[in-house]
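Asker: I have a structure I would like to understand better, so I am pasting it below and will then ask my questions one at a time.
The values are calculated or read from the model by the stated rules, or taken from the named source; none is laboratory data. Please read all numbers here as calculations on a predicted model, not as lab measurements. When we count neighbours, we look across all protein chains shown, and the Cβ atoms used for this are built from the backbone with ideal geometry, even at glycine.
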Amino acid sequence: MTLQLLAVLVLGLMCGSELSVAAFAHPALKRHSPDVHILVRSSVAALLGQVMPFWMSGSTLLNLLLLLPVGHLNKPGRQLAAVALAIQIGAVLFSLVGPVPINNRIAKWSAESAPDDWKAQEHRWDIYHWFRTCGLIAAFILLVLSMSV
């Protein structure tokens, strides 16, 4: 049960963080001047660019461990956890080809060095981020359900 709770806690906190960025942080930044917006967005991109690879892979690994005999899930629970794991793996792979390259560029921006299309790049990242966040929330729901069946 400890492994199950840890897997749910880590994924749940990550979903909360991702949702906060998508629903609150980035929309709030858009109300600021480009100088402030770019500086803060760049700083956050750099920080989360360092943290999220460990958080996402750690969460995915915890979900994988649930599928092993140490996870103590029954067959329906294991099936739900397997679908959640597939979604998490998909989110990791999607991140590598979608938002991560954009995030790495944003992390290097300053108000002076931002490209002319900085708003378009941020918008593309935001769309990718919402897509990934929705997938991770679905995985979280399935993971919670896997414990209750």
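Asker: I'm told residue 80 meets every condition in (1) within 25 Å of residue 38 (Cβ to Cβ); (2) assigned to a helix (DSSP H, G or I) except one. Can you identify the failing condition by its number?
Answerer: Of the numbered conditions (1) within 25 Å of residue 38 (Cβ to Cβ); (2) assigned to a helix (DSSP H, G or I), the odd one out for residue 80 is (1).
Asker: What residue, of 29, 19, 11, 5, is more than 30 Å from residue 73 (Cα to Cα) and out of contact with any Gly (no Cβ under 6 Å at 6 or more places or on another chain)?
Answerer: On the way: 19 fails: more than 30 Å from residue 73 (Cα to Cα); 11 fails: more than 30 Å from residue 73 (Cα to Cα); 5 fails: more than 30 Å from residue 73 (Cα to Cα).
Going through 29, 19, 11, 5 in turn, the sole match is 29.
Asker: Which residues, taken from the range 1-42, are hydroxyl-bearing (Ser, Thr, Tyr) and at pLDDT below 95?
Answerer: 2
Asker: Follow-up. Give me the residue from the range 9-56 that is of a type in the set (S, T, N, Q) and under 11 Å from the mean Cα position of the chain (by Cα) and, out of that set, farthest from residue 127 (Cα to Cα).
Answerer: Selected residue: 17.
Asker: Please tell me if residue 59 is in a helix (DSSP H, G or I), out of contact with any Lys or Arg (no Cβ under 9 Å at 6 or more places or on another chain) and within 28 Å of residue 142 (Cα to Cα). It would help to see each step written out before you state the result.
Answerer: On the way: in a helix (DSSP H, G or I): yes; out of contact with any Lys or Arg (no Cβ under 9 Å at 6 or more places or on another chain): yes; within 28 Å of residue 142 (Cα to Cα): yes.
Against the criterion (in a helix (DSSP H, G or I), out of contact with any Lys or Arg (no Cβ under 9 Å at 6 or more places or on another chain) and within 28 Å of residue 142 (Cα to Cα)), residue 59 qualifies.
Asker: Check whether at least one residue in the range 67-79 is at pLDDT 95 or above, in contact with a helix residue (DSSP H, G or I) (Cβ under 8 Å, 6 or more places away or on another chain) and surrounded by 16 or more Cβ atoms within 10 Å (Cβ to Cβ), and report yes or no.
Answerer: Looking through the range 67-79, none of the residues is at pLDDT 95 or above, in contact with a helix residue (DSSP H, G or I) (Cβ under 8 Å, 6 or more places away or on another chain) and surrounded by 16 or more Cβ atoms within 10 Å (Cβ to Cβ).
Asker: What are the residue pairs meeting all of these: first residue in the range 95-109, first residue outside any helix (DSSP H, G or I), second residue among the small types (Gly, Ala, Ser), Cβ atoms under 7 Å, and 6 or more apart or on different chains?
Answerer: 107/42; 107/45; 107/46; 107/49; 109/42
Asker: Among the residues of the range 90-100, is any surrounded by fewer than 18 Cβ atoms within 10 Å (Cβ to Cβ) and in contact with an Asp or Glu (Cβ under 6 Å, 6 or more places away or on another chain)?
Answerer: No; the residues of the range 90-100 include none that is surrounded by fewer than 18 Cβ atoms within 10 Å (Cβ to Cβ) and in contact with an Asp or Glu (Cβ under 6 Å, 6 or more places away or on another chain).
Asker: Something else now. Which condition number in (1) within 22 Å of residue 132 (Cα to Cα); (2) out of contact with any Leu (no Cβ under 7 Å at 6 or more places or on another chain); (3) hydroxyl-bearing (Ser, Thr, Tyr) is the one that residue 59 fails?
Answerer: (2)
Asker: Among the residues of the range 137-149, write down those that are over 18 Å from residue 5 (Cβ atoms) and buried (at least 17 other Cβ atoms within 10 Å of the Cβ). I'd like the intermediate steps shown before the answer.
Answerer: So the first thing to find is which residues in the range 137-149 are over 18 Å from residue 5 (Cβ atoms), and the list is 137-138.
Correct list: 137 only.
Asker: Among what's in the range 110-122 and is surrounded by 16 or more Cβ atoms within 10 Å (Cβ to Cβ) and either charged (D, E, K, R) or not in a helix (DSSP H, G or I) (or both), pick the residue that is nearest to the chain's Cα centre (by Cα). First the steps, then the outcome.
Answerer: Keep residues of the range 110-122 that are surrounded by 16 or more Cβ atoms within 10 Å (Cβ to Cβ), which gives 114, 118, 121-122.
Now narrow it down to the ones that are either charged (D, E, K, R) or not in a helix (DSSP H, G or I) (or both): 114, 122.
Numbers: 114: 24, 122: 16 Å.
Restricting to residues being surrounded by 16 or more Cβ atoms within 10 Å (Cβ to Cβ) and either charged (D, E, K, R) or not in a helix (DSSP H, G or I) (or both), the top hit is 122.
Asker: Tell me the residue from 130, 125 that is aromatic (Phe, Trp, Tyr) and buried (at least 18 other Cβ atoms within 10 Å of the Cβ), please. Outline the logic, then answer.
Answerer: Values: 130 fails: buried (at least 18 other Cβ atoms within 10 Å of the Cβ).
None of the others qualify; the one that does is 125.
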